[in-house]
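J.: One structure follows; several queries about it will come next.
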């Protein structure tokens with residue numbers, strides 16, 4: 001199971017990248033920071049990523065942009081691997097290459113615009129929407145780690161948001177929260193506009209069925225999807241499409257066992273390991 005989840009940490013075909021080069025070049029995020037720990041855990045990466053998308057899809061304008069201009073529907077595995085690669089590059093990649101990738105994404109997003117079903121115009125590079133996307137990503141990954149891998153001290157939970165500020169600004173999310181308190185304030189301000197939709201239910205069904213884990217392990221995949229629903233904050237967790245889709249009694253302990261087990265096993269030659277080699281060569 002863990003090997004299948006580690007695939008989300010590796011570049012998809014055609015996007016191969018050696019994170020061990022060039023020797024000594026730092027990443028956007030500090031090697032001794034909380035983000036390097038969080039993103040090295042494949043269970044936290046998967047659960048946190050799903051939780052982040054649930055929050056994105058609850059915001060009407062973000063939902064229209066994500067669902068109308070992405071490959072989630074017809075090729076969720078490739079989309080997940082591309083998103084995972086972008087996360088690995090942002091956290092572990094050499095700074096120059098991370099900046100180049102982010103600049104490409106910003107250019108692509110300039111073409112993403114449209115109108116929501118209720119008539120509201122949106123564009124992907126709208127700073128308000130970018131703030132929400134980056135905040136929900138930081139929340140999702142750090143909360144998954146905190147709840148299922150290892151409890152983070154309040155200062156570390158703040159640091160997860162502070163460390164993401166550099167990449168957030170490069171993406172254009174100039175108002176992304178820099179602390180847990182700022183995230184909670186943003187969530188409170190956004191709460192009245194968050195809503196359920198058929199797309200939320202469709203996304204959950206897609207994540208349950210996508211061939212991320214081998215068929216015999218698909219029940220564990222559905223367990224991890226429920227773990228993501230379980231950590232979604234209110235009012236999202238109580239939306240009709242998510243209500244009752246969280247963890248059942250005793251399942252949180254199983255998710256913690258899987259996530260903590262991932263901490264004990266060798267990562268393989270993934271981005272975190274290669275990046276550590278890159279920085280070690282500077283000494």
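The values are calculated or read from the model by the stated rules, or taken from the named source; none is laboratory data. Since the model is a prediction, treat every value here as computed from it, not as a measurement. Cβ atoms come from the backbone with ideal geometry, glycine included; neighbour counts cover every protein chain shown.
J.: What's the total number of residues in segment 189-204 that are part of a helix (DSSP H, G or I) and surrounded by 12 or more Cβ atoms within 10 Å (Cβ to Cβ)?
T.: Qualifying residue count, segment 189-204: 8.
J.: Look through 94, 13 and report the one residue that is farther than 30 Å from residue 253 by Cα and in contact (Cβ under 8 Å) with a residue 60 or more places away in the chain.
T.: Going through 94, 13 in turn, the sole match is 94.
J.: Considering only segment 169-188, how many residues are in a helix (DSSP H, G or I) and touching a residue at least 40 places away in the same chain (Cβ under 8 Å)?
T.: 5
J.: Moving to a separate point now. Please give the helices (runs of 4 or more DSSP H) falling wholly within segment 51-168 in which 3 or more residues are modelled with pLDDT of 90 or more, more than 23 Å from residue 4 (Cβ to Cβ) and in contact with a helix residue (DSSP H, G or I) (Cβ under 7 Å, 6 or more places away or on another chain).
T.: 60-68, 95-109, 127-148, 154-163
J.: Looking at segment 236-245, which of its residues are within 21 Å of the chain's Cα centre (by Cα) and not in a helix (DSSP H, G or I)?
T.: Matches in segment 236-245: 239, 241, 242, 245.
J.: Looking at segment 235-253, which of the residues that are exposed (fewer than 14 other Cβ atoms within 10 Å of the Cβ) and in contact (Cβ under 8 Å) with a residue 12 or more places away in the chain is nearest to residue 201 (Cα to Cα)?
T.: 240
J.: Consider segment 246-267. How many of its residues are in a loop (DSSP other than H, G, I, E, B), at pLDDT below 95 and within 21 Å of the chain's Cα centre (by Cα)?
T.: Looking only at that region, the number is 1.
J.: Follow-up question, since we're still on this one. Looking at the structure I just gave you, is residue 211 in contact with a helix residue (DSSP H, G or I) (Cβ under 7 Å, 6 or more places away or on another chain), in a loop (DSSP other than H, G, I, E, B) and surrounded by fewer than 18 Cβ atoms within 10 Å (Cβ to Cβ)?
T.: yes
J.: Continuing with this model, one more query. Here are the criteria: (1) within 18 Å of the chain's Cα centre (by Cα); (2) within 30 Å of residue 126 (Cα to Cα). Tell me which single one residue 270 does not satisfy.
T.: (2)
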